[in-house]
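For reference, the structure discussed in these notes is given below.
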Amino acid sequence: MSYVGRFAPSPTGPLHAGSLVAALASWLDARAAGGRWLVRIEDVDLPRCMDGAAGRILAQLAACGLVPDAPPLYQSARGARYQQALDKLVACRLAYPCACTRRDIAQALAAQGHARQRHEELPYPGTCCPESGKGLGGRAPRAWRFHTTQYQSKQPPAPDSQAQAAPFSIANDGVRWTDRRLGPQQQDVARHTGDFVLRRADGLWAYQLAVVVDDADQGITDVVRGEDLADNTPRQILLQSALGLPTPRYLHTPLVRAADGEKLSKQHGAPPFDASRPLQALAAAAQVLGLPAPAAGAAATVGDALAHWSKAWARIYNRAP
Ligand code: GLU
């Protein structure tokens, strides 16, 4: 299978030092594998997108020598494909409508004795799940949810020996997968997030569905992205399986933290990286990835530096240069 990688920024603002790490890593991995590298603009959450941010991101990437091998794909143009995927899940009874507001969910969880911890993501309590016997109960549907609990519970138990030989496996106690940097991972998705949203109450497509459909349609073999998204991988593996789509390999890159220890993010006001000094910006990103700096004077241009880091990346991640 020939390698296809991607970088999938959300155009909620220009790229910062942390997003450049993921962009550089995905580009290096594709180059080191002799594969193709694509860019997907994840503008599915339109209210959060910023005018002009997609163009600015592409210009920042180009200044760093990171040029996609095909024109970028825009999620905002892909609603029909997401609808087909939802229809397929509905037809298999793996998606159901949900009438709950955030408040309904919080109340139901409180009644079940769940106290919400800071930053904790609580599972959907299953209020509208057809098996709960209640369903919508005459209320108007707002969102669509994936029937995680049903899908996961129908999987076979994980055999002991299955340990981590396969890149991923799905069992009735959750999803196991091997991240190329983080190693073996496991998550009980039914307990962790439960029946998660595919289409939101405001009609927007949820990230989980869009990313799975797009990765498959773009023929992505390797997802390389920031470690903050590692937690989403098991939900995506379940959806790929339910939709009969292939599961790519995953590699999650280290995060860049601000002085207060928080992950750099646009929401927390991280400044854009300085694209007028691409060598410096790339060198900082390469350092986060543990790639050695080129010898003094050996990489005068962005092209030289990228060639140097491609070789180093290939050595570290066992790919032929
Ligand atoms: N659009 C997501 C973000 O900017 C990345 C999604 C992905 O790489 O799967 O955080």
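Here, each number is a calculation from the coordinates, and none is a lab measurement. The structure presented is a predicted model; accordingly, all values stated were derived computationally and were not measured. Cβ coordinates were reconstructed from backbone atoms using ideal geometry, including for glycine residues, and neighbour counts include every protein chain displayed.
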Practice task
Can you confirm whether the range 198-206 contains a residue that is surrounded by fewer than 20 Cβ atoms within 10 Å (Cβ to Cβ), small (Gly, Ala, Ser) and farther than 19 Å from Arg81 by Cβ?
Solution key: yes
Handout entry: Pair list, Cβ under 6 Å, 6 or more apart: the range 1-27 residue without any contact (Cβ under 8 Å) to a residue 60 or more places away in the chain, other residue within 8 Å of the ligand (Cβ to nearest atom) and not aromatic (Phe, Trp, Tyr)
Key = Ser10/Glu42
Problem - Filter pass, Gly261 being among the small types (Gly, Ala, Ser) and within 22 Å of Arg48 (Cα to Cα) - result: no
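Yes/no per residue for (1) closer than 24 Å to Ser2 by Cα; (2) in contact with a strand residue (DSSP E or B) (Cβ under 7 Å, 6 or more places away or on another chain); (3) small (Gly, Ala, Ser); (4) loosely packed, with under 14 Cβ neighbours inside 10 Å:
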| position | (1), (2), (3), (4) |
| --- | --- |
| Pro248 | yes, yes, no, no |
| Ala258 | no, no, yes, no |
| Ala270 | no, yes, yes, no |
| Gln280 | no, no, no, yes |
Problem - Which numbered condition Ala54 misses (of (1) within 21 Å of Ser276 (Cα to Cα); (2) touching a residue at least 60 places away in the same chain (Cβ under 8 Å); (3) not acidic (Asp, Glu)) - result: (2)
Problem - Subset of the range 220-249 (residues that are within 13 Å of the chain's Cα centre (by Cα), part of a loop (DSSP other than H, G, I, E, B) and touching a residue at least 40 places away in the same chain (Cβ under 8 Å)) - result: Ile220, Thr247
Problem - Unique residue being away from the ligand (no atom under 16 Å from the Cβ) and either of a type in the set (D, E, K, R) or under 20 Å from the mean Cα position of the chain (by Cα) (or both) when the list is His268, His192, His252 - result: His192
Fill in the blank from the handout: Log entry, pairs with first residue in the range 128-144 being in contact (Cβ under 8 Å) with a residue 60 or more places away in the chain, second being charged (D, E, K, R), beta carbons closer than 7 Å, six or more apart or on different chains, reads Cys129/Asp195
Handout entry: Residues being hydroxyl-bearing (Ser, Thr, Tyr) and within 12 Å of the ligand (Cβ to nearest atom) - total across the range 202-240
Key = 2
Fill in the blank from the handout: The strands (runs of 3 or more DSSP E) lying wholly within the range 1-111 that contain at least 3 residues that are aliphatic (A, V, I, L, M) are 36-41
